[in-house]
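**Q** Okay, here's the structure, questions in a sec.
The values are calculated or read from the model by the stated rules, or taken from the named source; none is laboratory data. Note that the structure is a prediction, hence the values are computed from the model and not measured. We place every Cβ from the backbone using ideal geometry, glycine too, and count neighbours over all the protein chains shown.
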Amino acid sequence: MPNSRRLSRTPAFWLVAAAMLLLTFAAAAPSPLYVVYQAAWGFSSGTLTVVFAVYAVFLLLALTTVGRLSDFLGRKPLLHGSLLLEAAAMLLFTGADGVGTLLVARAVQGFATGAATGALSAALVDLQPQRSPGLGALVNGAASTLGLAVGAFGSGLLVQYGPAPRVLVFALLAAGFLLAAAALSLIPETVERRPGALLALVPRARVPRAARRAFAAASPALIAVWSLGGLYLSLGPSLAVGVLHLHSHLVGGLVVTTMTAGGTLGSLLLRGRPARTALRAGAVALALGVLGTLAALEARDTPLFFVMTAVAGLGFGATFLGALSGIAPLAAPAERAELFAAVYVLSYLAFSAPAVAAGFAAPHLGLLPTTTLYGAAVACLALLALAMTAVTGTARAAKTPAGAAR
């Protein structure tokens with residue numbers, strides 16, 4: 001493509017950020033629909049969380065195989081292919097007529113998202129404006145949570161008030177992914193082709209040696225925030241219906257939106273602070289928010305539930321930003337996609353496995369007791385992350401400003 005048709009660095013950066021936003025919008029879009037599918041097809045909460053989690057399983061499969069290809073083939077080829085596959089997944093959702101079709105659609109969506117995630121995260125760091133060296137990590141975290149927030153709210157709005165509630169949101173997303181794939185043709189390629197693409201398909205989650213200590217220290221924080229995200233995105237609308245007796249699909253979407261919008265705000269508020277400071281503040285907010293949310297559910301107090309969910313969301317965003325900012329600068333450019341893949345492998349395991357366990361436990365223990373046990377575990381992990389920041393003193397991770405990646 002002639003250079004005159006390529007975007008300069010800054011517009012290309014924001015185009016990649018928009019693609020990340022669209023990707024995470026689509027990830028949250030099915031959440032308000034789970035209770036609709038459950039009512040239409042009569043499956044259990046365990047099946048509901050399996051439908052939710054199959055997305056993460058196939059996302060992990062892609063992350064550990066094709067997710068590394070952008071370091072060898074370039075960012076653009078992988079982004080084009082994965083966004084086209086996302087569009088195909090959205091079309092599968094529009095024709096879903098049972099659990100089987102739904103599982104296939106979620107599997108295809110998960111694989112496409114995994115293929116795109118590492119490349120998009122690395123491209124944000126590659127293309128960040130030189131005058132704003134921390135912007136890539138900030139936008140990566142903020143776009144992820146903002147996309148989830150807008151996706152849950154927008155989907156809930158369309159399900160509640162739009163025509164064809166099981167079709168419209170996915171038809172619009174399919175069109176969006178086709179447009180995004182075409183638009184990304186205009187960004188500059190930031191990685192030269194190099195040998196090793198076939199070997200890169202061998203599943204491997206590798207953390208570069210320089211980042212291993214910081215990665216280990218950040219692991220409890222990553223597990224805490226993403227297991228909380230998994231609970232809200234899978235069973236959040238069910239909690240609104242079954243515990244708080246709120247039956248609007250829009251309100252079900254707002255449960256997810258409140259948590260993830262808080263995450264975006266947490267990322268923005270802590271930008272520029274040392275990574276360890278962001279992690280500490282986030283861990284405190286996460287623990288307090290989760291415990292407060294459990295108290296609100298026990299009291300059937302809807303306003304308090306939403307307030308404490310927002311506090312937990314602030315903790316989500318700040319904790320994830322602090323963890324990511326302490327790790328991202330420790331990898332060489334050629335290792336970045338592989339490092340981000342490792343971060344997301346851990347994150348999405350935490351995102352899916354505990355939620356599935358909760359889904360199968362809920363019919364036996366009850367939804368509220370299961371949520372209480374789950375929330376207590378998340379709060380303990382947040383406090384463990386807080387304690388680890390006090391004892392590790394990882395020099396480079398601790399001194400890196402939140403949102404910084406070079």
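**Q** Would you check which residues across the stretch 110-130 are assigned to a helix (DSSP H, G or I) and either out of contact with any Leu (no Cβ under 8 Å at 6 or more places or on another chain) or aliphatic (A, V, I, L, M) (or both) and list them? Write out each step before concluding.
**A** We begin by selecting, within the stretch 110-130, every residue assigned to a helix (DSSP H, G or I); these are 110-127.
Those that are assigned to a helix (DSSP H, G or I) and either out of contact with any Leu (no Cβ under 8 Å at 6 or more places or on another chain) or aliphatic (A, V, I, L, M) (or both): Ala112, Ala115, Ala116, Ala119, Leu120, Ser121, Ala122, Ala123, Leu124, Val125, Asp126, Leu127.
Each row is one residue, and each column tells you yes or no for (1) of a type outside the set (S, T, N, Q); (2) over 18 Å from the mean Cα position of the chain (by Cα).
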{"site": "Ala261", "(1), (2)": "yes, no"}
{"site": "Gly266", "(1), (2)": "yes, no"}
{"site": "Leu270", "(1), (2)": "yes, yes"}
{"site": "Arg273", "(1), (2)": "yes, yes"}
{"site": "Ala285", "(1), (2)": "yes, yes"}
{"site": "Val290", "(1), (2)": "yes, yes"}
{"site": "Thr293", "(1), (2)": "no, yes"}
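**Q** State the number of residues belonging to the stretch 1-41 that are more than 14 Å from Leu233 (Cβ to Cβ) and in a loop (DSSP other than H, G, I, E, B).
**A** 5
**Q** Quick one: how many residues across the stretch 278-331 are buried (at least 22 other Cβ atoms within 10 Å of the Cβ) and not in a helix (DSSP H, G or I)?
**A** Here the count works out to 1.
**Q** Here's another thing I want to ask about it. Which one of the conditions (1) buried (at least 21 other Cβ atoms within 10 Å of the Cβ); (2) closer than 18 Å to Ala137 by Cα; (3) hydroxyl-bearing (Ser, Thr, Tyr) does Ser219 fail to meet, given that it meets all the rest?
**A** Status for Ser219: all satisfied but (1).
**Q** Identify all residues within the stretch 222-251 that are in contact with a Gly (Cβ under 6 Å, 6 or more places away or on another chain), touching a residue at least 40 places away in the same chain (Cβ under 8 Å) and surrounded by 24 or more Cβ atoms within 10 Å (Cβ to Cβ); write none if there are none.
**A** Of everything in the stretch 222-251, just one residue is in contact with a Gly (Cβ under 6 Å, 6 or more places away or on another chain), touching a residue at least 40 places away in the same chain (Cβ under 8 Å) and surrounded by 24 or more Cβ atoms within 10 Å (Cβ to Cβ), namely Pro237.
**Q** Considering each residue of the stretch 42-68, count those that are of a type in the set (Phe, Trp, Tyr), modelled with pLDDT under 90 and part of a helix (DSSP H, G or I), and give that number.
**A** The qualifying residues number 1.
**Q** Determine which member of the set Gly141, Gly118, Gly114, Gly134 is in contact with a Pro (Cβ under 7 Å, 6 or more places away or on another chain), modelled with pLDDT under 90 and of a type outside the set (S, T, N, Q). Walk me through it before giving the result.
**A** Details: Gly141 fails: in contact with a Pro (Cβ under 7 Å, 6 or more places away or on another chain); Gly118 fails: in contact with a Pro (Cβ under 7 Å, 6 or more places away or on another chain); Gly114 fails: in contact with a Pro (Cβ under 7 Å, 6 or more places away or on another chain).
Exactly one residue qualifies, and that residue is Gly134.
**Q** Looking for something within 21 Å of Ala240 (Cα to Cα) and surrounded by fewer than 14 Cβ atoms within 10 Å (Cβ to Cβ) - is there at least one such residue anywhere in the stretch 15-38?
**A** no
**Q** If a residue counts only when it is within 21 Å of Leu324 (Cα to Cα), which helices (runs of 4 or more DSSP H) contained entirely in the stretch 182-275 have at least 1 such residues?
**A** In the stretch 182-275, the matching helices (runs of 4 or more DSSP H) lie at 212-242, 249-269.
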